[in-house]
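Worksheet for the structure shown next.
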Amino acid sequence: IGELVISGIERAALVDGFARGVKYAVCERDNRIICYAVYETDTHDQESWLRFRFGTHDFFGARIWVAPEYRGQGIAPQVIRFARAHFLKTDRSRSLGIINGLNKSSRRACAKTGIAETGRILYLRLLGITYLHYGQINRIGFWNAQHRLEIPFPQ
């Protein structure tokens, strides 16, 4: 746990994640974590106000991190492929993820694994009011950590 905390996951989030069944794919070199990917299988809280709910056969790539000195070496796509292969051997058959459109390195890593874009989520938050557009879903409201907007991924 200690090294994952050093790598950027807060201890409380890590403990909470393990309790909720979050899975971690980890790549090590010389007994040091150089890359990890976080996967969830029920829900994912994207923002403090937004929750995605998945189907029974889905798994969600929630986050990936690579140590700065190992970035650009193709490690992230290897970890993503490893984790996807693991989940596809279980009862999970669909991989989901969300990538910020401005995050070019994440988009490149996913493209190298064969992950394709299937939709876009657009939102605007201003003074606590949020407008969200996803496929046929359009919502306007006040959402926060106690009252989240929950979006189901289509089956």
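The values are calculated or read from the model by the stated rules, or taken from the named source; none is laboratory data. This one's a predicted model, so the numbers in the text were calculated from it and none came from an experiment. Cβ placement follows ideal geometry from the backbone for every residue including glycine, while neighbour counts extend to all protein chains displayed. Calculation scope for accessible area: heavy atoms of the full protein, side chains included, ligands and nucleic acids excluded. Shrake-Rupley method; radii C 1.70, N 1.55, O 1.52, S 1.80 Å.
Overview of values
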{"item": "The stretch 1-25, subset of a type outside the set (Ser, Thr, Tyr) and surrounded by 16 or more Cβ atoms within 10 Å (Cβ to Cβ), residue modelled with the lowest pLDDT", "result": "LEU4"}
{"item": "Residue within the stretch 117-132 that is hydroxyl-bearing (Ser, Thr, Tyr), modelled with pLDDT under 90 and closer than 19 Å to LYS23 by Cα present", "result": "no"}
{"item": "Residue identified as within 20 Å of THR41 (Cα to Cα) and at pLDDT 85 or above among HIS147, HIS57", "result": "HIS57"}
{"item": "Single unsatisfied condition, ALA109 versus (1) assigned to a loop (DSSP other than H, G, I, E, B); (2) touching a Pro at 6+ places or on another chain (Cβ under 7 Å)", "result": "(1)"}
{"item": "Tally, over the stretch 112-142, of residues that are open to solvent by less than 70 Å² (accessible area, probe 1.4 Å) and outside any loop (DSSP other than H, G, I, E, B)", "result": "7"}
{"item": "Filter result (assigned to a loop (DSSP other than H, G, I, E, B), farther than 14 Å from CYS27 by Cβ and open to solvent by 70 Å² or more (accessible area, probe 1.4 Å)) within the stretch 51-72", "result": "THR56, HIS57, GLY72"}
{"item": "Test set (1) under 14 Å from TYR36 (Cα atoms); (2) in contact with a Ser or Thr (Cβ under 7 Å, 6 or more places away or on another chain) - GLY74 fails condition number", "result": "(2)"}
{"item": "Single residue of ALA85, ALA145, ALA76, ALA109 found to be of a type in the set (Gly, Ala, Ser), in contact (Cβ under 8 Å) with a residue 24 or more places away in the chain and surrounded by fewer than 17 Cβ atoms within 10 Å (Cβ to Cβ)", "result": "ALA145"}
{"item": "Residue list for the stretch 88-100, filter: in contact with a Ser or Thr (Cβ under 7 Å, 6 or more places away or on another chain) and touching a residue at least 40 places away in the same chain (Cβ under 8 Å)", "result": "ARG92"}
{"item": "So ASP91, is it acidic (Asp, Glu) and crowded, with 18+ Cβ neighbours inside 10 Å", "result": "no"}
